[in-house]
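Written below as structure tokens is the structure these notes are about.
The values are calculated or read from the model by the stated rules, or taken from the named source; none is laboratory data. Please read these numbers as outputs of a predicted model, since none were measured by experiment. Quick reminder, even Gly has a Cβ in these numbers, built from the backbone with ideal geometry, and neighbours come from all protein chains shown. Ligands, DNA and RNA are excluded from the accessible area calculation, which covers all protein heavy atoms including side chains. Shrake-Rupley method; radii C 1.70, N 1.55, O 1.52, S 1.80 Å.
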Amino acid sequence: YNAVAAVAAAGAFGVPASTIGRALAAFRSAFGRIERVAYRDRTIVMALVKNPVGFNETLRMLTGGDGLATPTLIAINDLAADGRDVSWLWDVDFELLAAGEAPLFTSGIRGADMAARLKYAGVPPERITPLPADISVALDEFVERVPEGSTGYILPTYTAMLELRSILADMGAVERFWEQ
């Protein structure tokens, strides 16, 4: 939505379409916000989720109304920076994930709670795989289950995202955000 608004505003001020196109092509997402990472012959797309409205928009983007088509890991923590109360997960439209065939994985401190929420949203149990709470272990297991040359999505809460980026930075897949 922000990009559409920027394009509309630039067009209204007479900025040439070629300039707008170059600007869009050069755009890099802020770390963790629809960030694409090349990792072990796969593309991992990380989309920070931190509240029901943002989570719902991310799910709508991923499902396109037709269900989930891409393996997805949802990593939920409840540390102070995330908010200790994860009851907000019940306000997210996870029913959008019930359709489709793609596997869903859960991890993080509250990964088991996330798996239960998916069950209650109508996601078939055979599509839900709880992974260890340890984000490093979960990342390895998730990536192994994403076919080579394919894309997998990771939807982490804030502290899970920071931990994932730290792991990926240690592996040389991303720059540390403070070095960008």
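Things worth noting here:
- Taking the stretch 91-125 as the range and being open to solvent by 40 Å² or more (accessible area, probe 1.4 Å), touching a Pro at 6+ places or on another chain (Cβ under 9 Å) and either part of a helix (DSSP H, G or I) or within 13 Å of THR157 (Cβ to Cβ) (or both) as the test, the residues that pass are ASP91, ALA112, LYS119.
- If you check ILE76, ILE128 for being of a type outside the set (Asp, Glu) and within 30 Å of PHE27 (Cβ to Cβ), only one passes: ILE76.
- A single entry from PHE55, PHE13 fulfils the requirement of being aromatic (Phe, Trp, Tyr) and surrounded by 12 or more Cβ atoms within 10 Å (Cβ to Cβ): PHE55.
- The one condition in (1) of a type outside the set (Lys, Arg); (2) surrounded by fewer than 19 Cβ atoms within 10 Å (Cβ to Cβ); (3) closer than 20 Å to LYS50 by Cα; (4) at pLDDT 95 or above that PHE177 fails to fulfil: (4)
- Residues that are open to solvent by less than 10 Å² (accessible area, probe 1.4 Å) and within 20 Å of ASP85 (Cα to Cα), drawn from the stretch 43-52: VAL49
- All positions within the stretch 160-177 that are in contact with a Phe, Trp or Tyr (Cβ under 9 Å, 6 or more places away or on another chain) and in a helix (DSSP H, G or I): MET161, LEU162, ARG165, LEU168, ALA169, PHE177
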